[in-house]
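Structure first, commentary second.
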Amino acid sequence: MRHTVRAVVGVAACVVVAAATVRAGCGPGVVREAGRPEIKVGLITKTETNPFFRTMRQGAQAMATAQSATLITAAGRFEGDNAGQATAVESMVRAGVKGILITPSDAAAIVPSIRKARAAGVLVIALDTPTKPQNATDALFATDNFKAGQLIGSYAKAMMRGKEAKIVTLDTAPGSSTSRIRHNGFLNGFGIPEGDPSIVCSRDTYADRTKGRIAMHSCLRQAPDLNVVYTVNEPTAFGAYAALKAAGVEKDVLLVSVDGGCVGVQAVEIGQIAATSQQYPLKMAEMGVQAVVEFAESGTKVSGYTDTGVRLITDKPAPGIESKDSFFGRQYCWD
């Protein structure tokens, strides 16, 4: 028999009360097959609102069910909520998880909590976002985020066709390693250093649609002649597009992003986003759960970095830049 228990630890709705119990309303309480010890897997994402992390949670749940494991989930209340994630790590260790899959909100600040979990015998795998240092976790299953940024940077450079670029960068939050790596990849792909005069405005959006819109409004006031917008993810891109459209300049600005969710691919198809780097959260989550179950059953620990893949999706290909169209993107998108 299989079961999955969903517990949002220290953040919202339900909490782990003891090793095998949760408050009413948090999920079914079925046990593993007779004679087989229960395997608990923890998943801690940055937030619950971002479609990327919702998809990751769905993938982890499906694989946990297939592996007859128990899944316990938690999420920060907002992008950058390290305290919430640290509390979740501690609660999951007390709950007896064999492994924790985590997308760190603050790559460095979460490390002490991870070290304590590993010292207690828990396998810790980072998904999507590396810790700082990267070897603070046993393993990392993630997009090559530098390449994801590099792809859309190279694409944007090619599409400008020698025209003077006036670039806006909309990032996540201070302390986010994923944001920093994607940002640096974009600059590398575009062929400019940090602080280049072509960067006319930079803002942190906490990967949030509303904050993305507000940040874009601010950048439009600061640099009304901007013509390239890099966004760290698609929720931010949708907010930026809303601001551009409200200003009547959406057709004059090249907007690029990272994610490749189904809504993002549709935005590429209808011309709101010029190109997006598609990543694969289901694969990250499925591989993570499999690794924890393998560790619980055989003691085998996964290690190192596993690249889960990235593709540039656009319906307006640029010369010399490898890409796939939105039809391909729809086959592999998530929502």
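The values are calculated or read from the model by the stated rules, or taken from the named source; none is laboratory data. Just so we're clear, the structure is a prediction, and the values are computed from it rather than from any experiment. With ideal geometry, Cβ positions are generated from the backbone for all residues, glycine too; neighbour counts draw on all protein chains shown.
In this structure, is THR131 touching a His at 6+ places or on another chain (Cβ under 8 Å) and touching a residue at least 12 places away in the same chain (Cβ under 8 Å)? No, not satisfied. Kindly evaluate GLN150 against the criterion of being modelled with pLDDT of 95 or more, polar (S, T, N, Q), touching a strand residue (DSSP E or B) at 6+ places or on another chain (Cβ under 9 Å) and not assigned by TED's automatic domain parsing to the domain that holds ALA243. No, not satisfied.
Among the residues of the stretch 170-192, those identified as surrounded by 18 or more Cβ atoms within 10 Å (Cβ to Cβ) and of a type in the set (S, T, N, Q) are THR172, SER176, SER177, THR178, SER179. Restricting the search to the stretch 72-101, which residues are in contact with a helix residue (DSSP H, G or I) (Cβ under 7 Å, 6 or more places away or on another chain), of a type in the set (A, V, I, L, M, F, W, C) and assigned to a helix (DSSP H, G or I)? Those that are in contact with a helix residue (DSSP H, G or I) (Cβ under 7 Å, 6 or more places away or on another chain), of a type in the set (A, V, I, L, M, F, W, C) and assigned to a helix (DSSP H, G or I): ALA86, VAL89, VAL93.
Test of understanding: among LYS116, LYS157, LYS147, LYS166, which residue is within 22 Å of the chain's Cα centre (by Cα) and of a type in the set (Lys, Arg)?
Values: LYS116 fails: within 22 Å of the chain's Cα centre (by Cα); LYS157 fails: within 22 Å of the chain's Cα centre (by Cα); LYS166 fails: within 22 Å of the chain's Cα centre (by Cα).
The unique qualifying residue is LYS147.
Those residues that are touching a residue at least 40 places away in the same chain (Cβ under 8 Å), over 12 Å from PRO51 (Cα atoms), hydrophobic (A, V, I, L, M, F, W, C) and assigned to a helix (DSSP H, G or I), I need them from the stretch 259-286; list them, please. Within the stretch 259-286, VAL265, VAL268, MET284, ALA285 meet the criteria. Here LYS251 does not fit the description of being of a type outside the set (A, V, I, L, M, F, W, C), part of a helix (DSSP H, G or I) and more than 20 Å from ALA275 (Cβ to Cβ). Pairs linking a residue in the stretch 317-335 that is assigned by TED's automatic domain parsing to the domain that holds SER154 and in contact (Cβ under 8 Å) with a residue 60 or more places away in the chain to a residue that is part of a loop (DSSP other than H, G, I, E, B) and polar (S, T, N, Q), with Cβ atoms under 6 Å and 6 or more positions apart or on different chains, are SER323/THR314. Scanning the stretch 57-80 for residues that are within 22 Å of ALA108 (Cα to Cα) and crowded, with 20+ Cβ neighbours inside 10 Å yields THR73, ALA74, ALA75, GLY76, GLU79, GLY80.
Within the stretch 125-138, the set of residues being surrounded by 22 or more Cβ atoms within 10 Å (Cβ to Cβ) and of a type in the set (A, V, I, L, M) comprises ILE125, ALA126, LEU127.
Total residues in the stretch 265-323 satisfying the condition of being surrounded by fewer than 17 Cβ atoms within 10 Å (Cβ to Cβ), in contact with a Phe, Trp or Tyr (Cβ under 7 Å, 6 or more places away or on another chain) and within 20 Å of VAL232 (Cβ to Cβ): the figure is 1.
Scanning the stretch 173-206 for residues that are in contact with a His (Cβ under 9 Å, 6 or more places away or on another chain) and part of a loop (DSSP other than H, G, I, E, B) yields a single hit, GLU194.
Pairs are defined by a Cβ separation below 6 Å, a sequence spacing of at least 6 or placement on different chains, a first member in the stretch 93-111 that is assigned by TED's automatic domain parsing to the domain that holds PHE295 and free of Cβ contacts under 8 Å to residues at least 40 places away in the same chain, and a second member that is of a type in the set (Ser, Thr, Tyr) and not in a strand (DSSP E or B); the pairs so defined are VAL111/THR131. In this structure, does TYR241 turn out to be closer than 26 Å to GLN61 by Cβ and hydroxyl-bearing (Ser, Thr, Tyr)? Judged against the criteria, TYR241 is not a match.
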